[in-house]
Amino acid sequence: MSTDDGIHVLIPTPLRGFTGGEARVDVHGGTVGEALEALAVKFPGLGERLHDEDGQLRRFVNVFVNGQNVRDIAGTATELSPGDEIGIIPAMAGGDAS
């Protein structure tokens with residue numbers, strides 16, 4: 001883990017165009033929602049990819065904290081600790097064609 005007190009956000013390849021190609025970005029926030037908001041402020045345009053017009057996390061966007069899906073915890077109200085890692089995983093369409 002890093003020695004800073006930030007939250008580490010792993011950016012998936014399809015969203016790296018918004019982060020200047022960065023695969024990992026550090027932000028601050030006490031909850032997942034605050035961290036995602038800080039990410040959206042830092043990288044304009046990214047927030048609307050993650051949230052719908054009502055400000056809710058889009059259905060096809062999965063967010064994990066230290067490997068656990070936040071939908072199984074407290075959603076965007078999930079509390080964070082310094083050094084936690086958020087993974088953003090957009091759901092992909094498709095499947096087995098056999």
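Values in this text are rule-based calculations from the coordinates and carry no lab data. Because the structure is a prediction, the values reported are computed rather than measured. Glycine also receives a Cβ, built like all others from the backbone with ideal geometry; neighbour counts cover every protein chain displayed.
Tabulated values for the structure
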item	result
Any hit, region 10-25, residues being over 15 Å from GLY87 (Cα atoms) and part of a helix (DSSP H, G or I)	yes
Total residues in region 24-37, condition surrounded by fewer than 14 Cβ atoms within 10 Å (Cβ to Cβ) and touching a Ser or Thr at 6+ places or on another chain (Cβ under 8 Å)	0
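Let's see how each residue does on (1) surrounded by 12 or more Cβ atoms within 10 Å (Cβ to Cβ); (2) out of contact with any Asp or Glu (no Cβ under 6 Å at 6 or more places or on another chain); (3) within 21 Å of GLY17 (Cα to Cα):
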residue: LEU39; (1), (2), (3): yes, yes, yes
residue: LYS42; (1), (2), (3): yes, yes, yes
residue: LEU46; (1), (2), (3): yes, yes, yes
residue: ARG49; (1), (2), (3): yes, yes, yes
residue: LEU57; (1), (2), (3): yes, yes, yes
residue: VAL63; (1), (2), (3): yes, yes, yes
residue: GLY67; (1), (2), (3): no, yes, no
residue: VAL70; (1), (2), (3): yes, yes, no
residue: GLY75; (1), (2), (3): yes, yes, no
